[in-house]
Amino acid sequence: MKEKMRTVRLIYGIAFSALTAAVAALFIAQVLIVYNSGAEQLFTREIVGEKLLEILAPCVLWILAIIGGLVVWNIHPDEEEKLHAEKDSKKTLKSLQSRLPDTLAEESQTLVEQSKKWGMYRLIAWLTYAAVCLAGVIVCTVYMVNPAHFKADNINGEVTAAVLTVLPWTIGAYCCALGVFVFENHALQQQLALMKKAVAANAKNLKKAVEQTQKTPLFENKKVVFGVRIGLIAVGITLFVIGIFNGGLNDVLVKAINICTECIGLG
Amino acid sequence: MKNFFAKIKDWFVKHKPTKRRLIQVYAALLYNANIKGFVTGNIYQGASKQFCLPGFNCYSCPGAVGACPLGSLQNALAASKTTVPSYIFGIIILFGLTLGRTICGFLCPAGLAQELLYKIKTPKVKKSKATYVLSYLKYVILAVFVVLIPLMYSGVIPVPAFCKYICPVGTAEGAGGLLANPNNDDLFTLLGGLFTWKFILLVLFIVGSIFFFRFFCRFFCPLGAIYGFFCKLAMIGVKIDKDKCTDCGLCISACKMDVRKVGDHECIHCGACMSACPTKAIVWKGSEMFLKGSDCNTPAPLSKPLSEFLKKTGTTEETQESADVDISMQASVEINPAPVQMQENAVTAKVVPTVAERVKKRNKTLEIVAWATAGVVLVSSLVYYNFIHKDAEVGEGYEVGCIAPDFTVDVYGSDENFTLSENKDKLTVVNFWATWCTPCVAELPYFEEFYSQYGDQVNLVAIHGTAVTEDVDAFIAEKFSGYEITFAQDAVQAETEMNVYNTYGGVNSWPTTVIIDEDGVILYNSSKSFHSAQDLIDLIVPMLSE
């Protein structure tokens, strides 16, 4: 029965995901059809109503599928997902490194050297990523703080140009980060394997495991946190009060009581 | 039959909303207490809108009773050349310090909507390194759209770039709420390319929220990014009791956000990790507030190492670092023993409540008081906004075909004034605008261009709204110097006892253009903004020949 339900859920999941994508595509298609119709007045209540009616059937099907899914899941609930606790590889590596004796056999020395090389490769990978991010920040900042790139007569064009400048760097940094994570995982596993071999080879002379005493990070020191909180509360209240007197409160009110047409897509 | 009802009761008990869900719904209701706005199609214009709400809620939503902090921040930065944005900085600091990202977990209607969408049964995309890296995208959006673009356009033209180009909440709440009302048919004339883009984005965000937990919050929300800076300092939220934590990592595993540690900048303090922690090491910050010093009996340290209670399943040498672990319940019992049974006083046969029982009673009392206060606040708000508060009055007879009410307004840059009845020799074009209104400022050059060609055939007066946020004279002198069109300031008229904008049916939609013929008949009255001088020529020139 459990296997059957798993299969049913899988089929339902795939079918419903496809249906969701299809309904979303239909909505997008309808709005694009209206926008590209070239009519003098693109959107009217009648046109919008007409377009919605055209896709009513798949929408109703989608809603019924949601209800059906919720009913089935409640009658035959999912098995509770087992939580998967991952050990911290870096902590394990540090702990293994601390167990090694001061004088090592030649074979172990080679293993430790190889492990250090992998560590160096990891560092290089992170530095490369940092360099890519830094380059991106510099290029994008130089572009974004240049007033010549923000002319009032073509706001949409200028914003699009700004996005097209920032986006490739963002994508590049993202891909670089993913690559670094994958490489780091691989490098850590290599280091761990080498260190375990080194530890096994020196099993008789290992140092006692010492609990790694970590310095309390700055923002976990209660006194520091208390002090910063008090300071920031004072700053916050001061700024709030200044804002009331310099018209900031009124500015917020004026914007909030009038429809921001472009904020809601009217324009 | 009894069995059936028992099953139904069990189902309701199992599926009753959590306290967090109730608080989320409460917050959504309180933020949008102006329910009559959905009926009338108007947004609330009262004084409470000068205060920012902590969560994400568009102030153009008909129900909204407060201002959106993100919209307010962008507008404040856009006006930073004339007014230091201290109010909005101050309020964000205070929100961040007191609540931090607990706002995201408890007080954000957008978060609630996403969590409800996530409940739809589909295969879900689980968090991974890829989603962790992608969660930094919201900082890029914060920097570019919320800070830099409004700042770079500051003093030129207000551009709330995030609201305009990305925010799905504005499209859903604002546009959806207003357009759904039959009284707002004229707003359909404003829909164009921008609406098409934002609608497509809204659909994508909705679909994303079905497959990804809190899709918008995790990857796109700049407000969450801002509150995330306060993760270490916020007074309310979850924290780890280091004395009890065994670093098992189950909390991270149970969390659907891209956290690396409980309480970091990605944590929304929803408390989902608390039930996963076998040693109950995750507690709410400030929980000591509910306990007196003498009540805080720290439980004795665990007598046996936790490893004795860990059962590794399916372990091999290769997978030793990532083996599934089964934490036995005995571990949790050893660390957190059940409250000691009540002890009877043998002499008086009186039951003496233990410390734990007293604390429980005090917490229960505090909870009841909190819910009662919250209930009173919500009911009072609903009654005030929907029954007591009166919307701004609007004139009658301002539609096309009606006789235009007369008005007199003071002209900027001179001692003269402009009176409609004294200017009936030509067609009169009245444009209601404001310095804080982006489309208004953007279209005035087109009016000037039109006027330079047809100024001998029309009167054109641009009337600034009564709500002034900066020196309008200086603004006109800087931006529109040399313009031939007449700039004037709106004021309350003696006859109608309302300002000209309201007299002509204006409530809260800017810009508005009214065209009046030589006989004083209104030919055109609309909130549509113009994107070129040709639009104006196409509209007005045919009226001239008539």
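Between A:A152 and B:V125, the simple label model (points 7 Å from Cα in the Cβ direction) yields a spacing of 4.1 nm. Along the axis of the charge dipole computed for the range A:89-237 (Cβ charges of +1 for Lys and Arg, -1 for Asp and Glu, origin at the Cα centre), the listed residues A:T170, A:A198, A:V180 are led at the positive end by A:A198.
Solvent-accessible area assigned to carbon and sulfur over the range B:404-546 amounts to 44 percent, based on a 1.4 Å probe.
For the range A:90-190, the Cα-based Rg and Dmax, in that order, read 21.8, 74 Å. Per atom type, the range A:25-100 shows carbon and sulfur on 63% of its accessible surface, probed at 1.4 Å.
Across the accessible surface of the range B:1-102, with the other protein chains kept in place and a 1.4 Å probe, carbon and sulfur atoms take up 73 percent.
Between the C-alpha center of the range B:482-510 and that of the range B:20-52 there is a gap of 29 Å. Rounded to the nearest 10 degrees, the inclination of helix B:355-383 to the longest alpha-carbon principal axis of chain B is 20 degrees.
Remark: mean inter-chain Cβ contacts per residue of B:496-508 equal 1, using a 10 Å Cβ-Cβ cutoff to other protein chain atoms. About the centre of its Cα atoms, the protein assembly as shown shows a dipole size close to 6800 debye [charges on the beta carbon of Lys, Arg (+1) and Asp, Glu (-1) only; nearest 20 debye]. Principal axis extents of the C-alpha atoms in the range A:49-123 (largest first, rounded to whole Å): 81, 34, 16. Looking at the range B:466-530, the pairs of alpha carbons with a distance over 21 Å make up 37% of the total. May I ask for the distance between the Cα centers of the range A:22-46 and the range B:383-444, given as a whole number of Å? Between the Cα centre of the range A:22-46 and that of the range B:383-444, the gap is 33 Å. Peptide B:238-248 has a mean of 1 when you count, residue by residue, the C-beta atoms of other protein chains within 10 Å of its C-beta. Bridging of B:K426 to lysines at a Cα separation below 26 Å is possible for B:K528, once same-chain residues fewer than 8 apart are set aside. Calculated FRET efficiency, B:F4 to A:I67, Cβ-Cβ distance, R0 = 22 Å: about 0.55 to the nearest 0.05. Compared with the dominant principal axis of the Cα atoms in chain B, helix B:2-14 is inclined by about 70°. Oblate is the label for the range A:117-254, because the ratio a/c of its alpha-carbon gyration tensor axes (a ≥ b ≥ c) is 1.5 or higher and a/b is not greater than b/c. Extension gain, A:S89 to A:L52: 0.36 nm times the residue separation minus the Cα-Cα distance gives 7.9 nm.
Any idea what diffusion coefficient the protein assembly as shown gets from Stokes-Einstein, in µm²/s, Kirkwood Rh on alpha carbon pairs, 4 °C, 1.567 mPa s?
Calculated translational D: 42 µm²/s.
Here the extension length gained between A:Q189 and A:I75 equals 36.7 nm, from 0.36 nm per residue of separation less the Cα-Cα distance. In chain B the Cα-Cα distances spread across 10 Å bins starting at 0 as 3, 14, 22, 21, 15, 11, 7, 5, 2, 1, 0 percent of all pairs. Per-residue surface analysis assigns A:V137 an accessible area of about 90 Å², computed on protein heavy atoms at 1.4 Å probe radius. The distance between label points at A:T141 and B:V369 comes to 5.0 nm (points 7 Å beyond Cα on the Cα→Cβ vector). Enclosing the Cα atoms of chain A in their convex hull gives a volume equal to 307 cubic angstrom per residue. With an a/c value of 1.5 or above and a/b not larger than b/c for the gyration tensor axes a ≥ b ≥ c computed over the alpha-carbon atoms, the range B:144-238 is described as oblate.
For a straight C-alpha distance cut-off of 22 angstrom, the lysines reachable from A:K197 (same-chain residues fewer than eight places away being disregarded) are A:K87, A:K90, A:K91, A:K94, A:K116, A:K117, A:K207, A:K208. Between B:L29 and B:M235, the modelled label-to-label distance comes to 2.7 nm, taking each label 7 Å out from Cα in the direction of the beta carbon.
Under the Kirkwood approximation for Rh and a Cα-based Rg, what ratio Rg/Rh is obtained for the range B:85-197?
Numbers: Rg = 17.6 Å, Rh = 17.5 Å.
Radius of gyration relative to Kirkwood radius: 1.01.
Accessible surface area normalised per residue over the protein assembly as shown is 51 Å², counting heavy atoms of protein chains with a 1.4 Å rolling probe.
Pairwise inverse Cα distances across the range B:22-176, averaged and inverted, put the Kirkwood hydrodynamic radius at 16.8 Å.
Write down the percent of antiparallel bridges among all DSSP beta bridges whose residues are both part of the protein assembly as shown, to the nearest 5.
That works out to approximately 65 percent antiparallel.
Over both sides of the B-A contact, add up the buried accessible area with a 1.4 Å probe and give it to the nearest 100 Å². Intermediate results must be reported in sequence, preceding the final value.
Working: alone 29070 and 21080 Å², together 41320 Å².
Summed over both sides, the interface buries about 8800 Å².
The values are calculated or read from the model by the stated rules, or taken from the named source; none is laboratory data. This is a predicted model, so every value here is computed, not measured. Here the Cβ is made from the backbone with ideal geometry for all residues, glycine too, and neighbour counts use every protein chain on show. The protein model used for the area step is the full one, side chains on, heavy atoms only, and it has no ligands, DNA or RNA in it. Shrake-Rupley method; radii C 1.70, N 1.55, O 1.52, S 1.80 Å.
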